[in-house]
Amino acid sequence: MEQLQTIQNLDGSTTEYTDISLTPGHLERLLRELFEQHWREIIFGPCIQGAVFEVQLTEQPKKIAMFDGYLTVDVGPWHFHLCIDEHKDVPVAELARQRQVARAAFFQDKRSTGHVLGSWGLRLWNGLGEQMITIFFPNPYLTDAQKIRPEPDWRRLTLWQQLRQRYAGTAQGIASVAD
């Protein structure tokens, strides 16, 4: 069932998180769906204070595989790994706990000023509470080329809403900044 947490940010914006169950296989199914079926629509990378890496794929990943708790997304000339399940090939159990996803949540950022009044995505944290990856979904305030739209297109939230409903058990409907 839906569990919401709202955070008040230093800049006056808010971030609303909807947690995802970390039952075995659940997060893998979600990430496979994103990177196998929706790779054209998402932008992803580390997103921490002072640094945001916005990676947008130009072709479908060559391979997505699981090995020893790590999901590997291979894009050809480069790849990345995310520890999303039990990691056994480590000499100290505490390291395995620190590396593995401890929290996954869909989020909605809301701002009252600026041209882009929000963003919608998915975020993963490891056992130390550090962000591992942020995946941004299509934004109603931006075009596919990341240019500001004259008017928001709320239909661009459909993928975020569908996946949030399927993987976090939320009610269906389009969330706007006014919600």
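Okay, residues lined up against (1) among the acidic types (Asp, Glu); (2) in contact (Cβ under 8 Å) with a residue 24 or more places away in the chain; (3) closer than 25 Å to Ser21 by Cα:
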{"site": "Leu34", "(1), (2), (3)": "no, yes, yes"}
{"site": "Trp39", "(1), (2), (3)": "no, no, yes"}
{"site": "Phe67", "(1), (2), (3)": "no, no, yes"}
{"site": "Val92", "(1), (2), (3)": "no, no, no"}
{"site": "Phe106", "(1), (2), (3)": "no, yes, yes"}
{"site": "Gly114", "(1), (2), (3)": "no, no, no"}
{"site": "Gly127", "(1), (2), (3)": "no, yes, yes"}
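Among residues of segment 60-80 being of a type in the set (Gly, Ala, Ser) and surrounded by fewer than 17 Cβ atoms within 10 Å (Cβ to Cβ), the one that is nearest to Met132 (Cα to Cα) is Ala65.
Just checking, does segment 21-38 include any residue being surrounded by 15 or more Cβ atoms within 10 Å (Cβ to Cβ), in contact with a Pro (Cβ under 8 Å, 6 or more places away or on another chain) and either of a type outside the set (Asp, Glu) or more than 28 Å from Gln146 (Cβ to Cβ) (or both)? Yes, segment 21-38 has at least one match.
Can you name the strands (runs of 3 or more DSSP E) wholly within segment 40-96 that have at least 1 residues being within 19 Å of Gly121 (Cα to Cα)? Before the answer, list the steps.
Working: elements: 43-45, 63-67, 70-74, 79-83.
It comes to 43-45, 70-74, 79-83.
Condition check: closer than 22 Å to Gln161 by Cα, of a type outside the set (Lys, Arg) and at pLDDT 95 or above. Does Ile84 satisfy that? Considered against the rule, which asks whether it is closer than 22 Å to Gln161 by Cα, of a type outside the set (Lys, Arg) and at pLDDT 95 or above, Ile84 comes out as no. Candidates in segment 13-32 are the residues that are within 21 Å of Phe136 (Cβ to Cβ) and assigned to a loop (DSSP other than H, G, I, E, B); of these, the one that is nearest to the chain's Cα centre (by Cα) is Ile20. Restricting attention to segment 111-157, the residues being more than 19 Å from Ile42 (Cα to Cα) and touching a Ser or Thr at 6+ places or on another chain (Cβ under 8 Å) number 2. Residues in segment 105-145 that are assigned to a loop (DSSP other than H, G, I, E, B) and surrounded by 13 or more Cβ atoms within 10 Å (Cβ to Cβ): Arg111, Val116, Leu117, Gly127, Phe137, Pro138, Asn139, Pro140, Tyr141.
Residues of segment 130-157 that are within 15 Å of the chain's Cα centre (by Cα) and farther than 16 Å from Val52 by Cβ: Pro138, Leu157.
The values are calculated or read from the model by the stated rules, or taken from the named source; none is laboratory data. Computed from a predicted model, the values in this text were never measured in an experiment. Using ideal geometry, Cβ is built from the backbone for each residue, glycine included, and neighbour counts are taken over all protein chains shown.
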